[in-house]
Amino acid sequence: MRSMSTLTRADLADAINRKMGLSRAESLTLVESILDRMSDALAGGANVKISGFGTFLLRDKAQRVGRNPKTGVEVPITPRRVMTFRASQLLKDRVAKG
């Protein structure tokens, strides 16, 4: 079984620091700036596509009837906006190779 590790903002900033030679503070600012721009675009209703990586898609879900699995009582599920991620074929191939 593989160990599950997490890539963090600090890890991304560290990689930028090593590869680009920016200071750690500048690298972290760059990462924060990119993530803020992506978040703002999504909050504004735009999809975010990163070529060769994937697309963050927004989808509006209509109101529907759900059921409490324990009691069987029907409850309305309010309309909402959800975000999904669709990986590019390049990313899928890379992940599949391990």
**Request:** Rank T29, T78, T55 by mean-square fluctuation in a GNM of the chain with C-alpha springs under 10 angstrom and give only the top-ranked residue.
**Result:** T78
**Prompt:** What angle, in degrees between 0 and 90 and rounded to the nearest 10, separates the Cα long axis of helix 24-43 from the longest principal axis of the Cα atoms of the chain?
**Reply:** 30 degrees
**Prompt:** In nm, what is the difference between 0.36 nm times the number of residues separating I34 and F53 and their Cα-Cα distance?
**Reply:** 5.4 nm
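Going down the table (K49/K97; K70/K92; K70/K97), which pairs top 32 Å between alpha carbons? Write down the numbers at each step before the final one.
Working: K49/K97 23 Å; K70/K92 37 Å; K70/K97 41 Å.
Listed pairs above 32 Å: K70/K92; K70/K97.
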**Item:** Pairwise label distance in nanometres, R94 with A10, each label 7 Å out on the Cα-Cβ vector
**Value:** 2.4 nm
**Fill in**
With S27 itself left out, Lys, Arg at +1 and Asp, Glu at -1 over residues whose Cβ is under 11 Å from its Cβ give 0
**Cα long-axis angle, helix 9-20 against the chain (0 to 90 degrees, to the nearest 10)** = 30 degrees
**Fill in**
Distance in nm between L42 and R81 label points, each 7 Å along Cα→Cβ, equals 1.2 nm
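Values in this text are rule-based calculations from the coordinates and carry no lab data. Predicted, not measured: the structure shown is a model, and the values here were computed from it. For neighbour counting, all protein chains shown are included, and Cβ atoms are generated from backbone atoms with ideal geometry for every residue, glycine included.
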